[in-house]
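The values are calculated or read from the model by the stated rules, or taken from the named source; none is laboratory data. Just so it is clear, the model here is predicted, and its values are computed rather than measured. Here Cβ is always computed from backbone atoms with ideal geometry, including for glycine, and neighbour counts include all displayed protein chains.
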Amino acid sequence: MRFLVLGLATLTLSLASPSSAEVMTNQTVLSLLKAGLGDDLVIAKINSEPCNYDVSTNTILSLKSSGASEKVIAAMVTRCASASDSRGIAGDDNSPDPMVRHSPGIYVREDWQNPSSLDLISPSKSSGIKTSGNGSILFPLVAKLILPGASGRLSVPTANPTFYFYFNLNDQAVNDFGQEHAGAAQSPDSFALVRLKQRRDTRELEMGRASEFGGSLVSFRKGISLKSSIPFRTENKAPGIYEVSAGPLDPGEYAFVFTGGDSSARVYDFTVASIPAAQTVQK
């Protein structure tokens, strides 16, 4: 049983390891082809990864002259069309209108700006896992995800922030902004809103604990504790567009956390700043 307890750190380390998706480009495709990979394998790669292709007419002609087959070029064009369906027309990511489609991700509505805007919350990378305790009942082994910095990069000066989640329900690889190569998130219900414990120069989130007594496993939990979770309200505004509201939130450090099917996690962190005295907040 001791091995099960000590294995908590390893399990949680994999859970908390953020993954990074490879973004395919024209040069990536040409490099794969020049390496001698067949069309079928290259097309499978095209269909499984996020893309940033240039498929303008002149570039298609250049791809053809560089040795790309019509099948590969067609796959690139189709992939770009699928990705564009989730983003809407060019420039939509800069639109302050939440009902205009944006690239898949989590955005906060900045009503305090004039004019208001939508700001993308980028996922943060952890700086590792911290474990404490000895695995006993009094001092259980606790594994914590550590985020660098005492505060998040994005600060919201309101106790009642509103977020928008954008999904592409027809394209797993594009819509899977929470975790690549795992079951794609289909709604905000796949996420947990948590409060992070703030330290001097880091933030922490408990991701598991275990304890034993007399050589027998007493308790074991992997995942976010209920004490750290905060309820939030979700409204489906349109296919693939969800409005999420939370609050009132006390000033502090928070994050939306998505746990993927491959035992890894993405953390979208933000700070709720102290509310200015002149600002009225509905409690």
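Just a few scattered comments:
A quick yes/no check of all residues on (1) touching a strand residue (DSSP E or B) at 6+ places or on another chain (Cβ under 9 Å); (2) among the hydrophobic types (A, V, I, L, M, F, W, C); (3) farther than 30 Å from Ser211 by Cβ:
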site: Leu118; (1), (2), (3): yes, yes, yes
site: Pro123; (1), (2), (3): yes, no, yes
site: Gly128; (1), (2), (3): yes, no, no
site: Ile137; (1), (2), (3): yes, yes, no
site: Pro140; (1), (2), (3): yes, no, no
site: Lys144; (1), (2), (3): yes, no, no
site: Gly152; (1), (2), (3): yes, no, yes
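- Boolean, Ala150 is closer than 23 Å to Leu249 by Cβ, at pLDDT below 85 and out of contact with any helix residue (DSSP H, G or I) (no Cβ under 6 Å at 6 or more places or on another chain): no
- Among the conditions (1) within 27 Å of Ala159 (Cβ to Cβ); (2) modelled with pLDDT under 90; (3) over 16 Å from the mean Cα position of the chain (by Cα), Gly208 misses just one, which is (1).
- Residue satisfying all of: in region 218-254; farther than 14 Å from Pro161 by Cα and β-branched (Val, Ile, Thr); surrounded by the fewest Cβ atoms within 10 Å (Cβ to Cβ) among these: Val218
- Of the residues making up region 161-182, not a single one is modelled with pLDDT of 80 or more, more than 30 Å from Asp97 (Cβ to Cβ) and buried (at least 17 other Cβ atoms within 10 Å of the Cβ).
- The criterion of at least 3 residues that are at pLDDT 75 or above and not assigned by TED's automatic domain parsing to the domain that holds Ile129 is met, among helices (runs of 4 or more DSSP H) falling completely within region 1-79, by 26-34, 39-48, 57-65.
- Condition check for Ile129: at pLDDT below 80 and not polar (S, T, N, Q): yes
- Considered as a group, the residues in region 95-107 that are more than 14 Å from the chain's Cα centre (by Cα) and touching a residue at least 60 places away in the same chain (Cβ under 8 Å) include one that is farthest from Val267 (Cα to Cα), and that residue is Met99.
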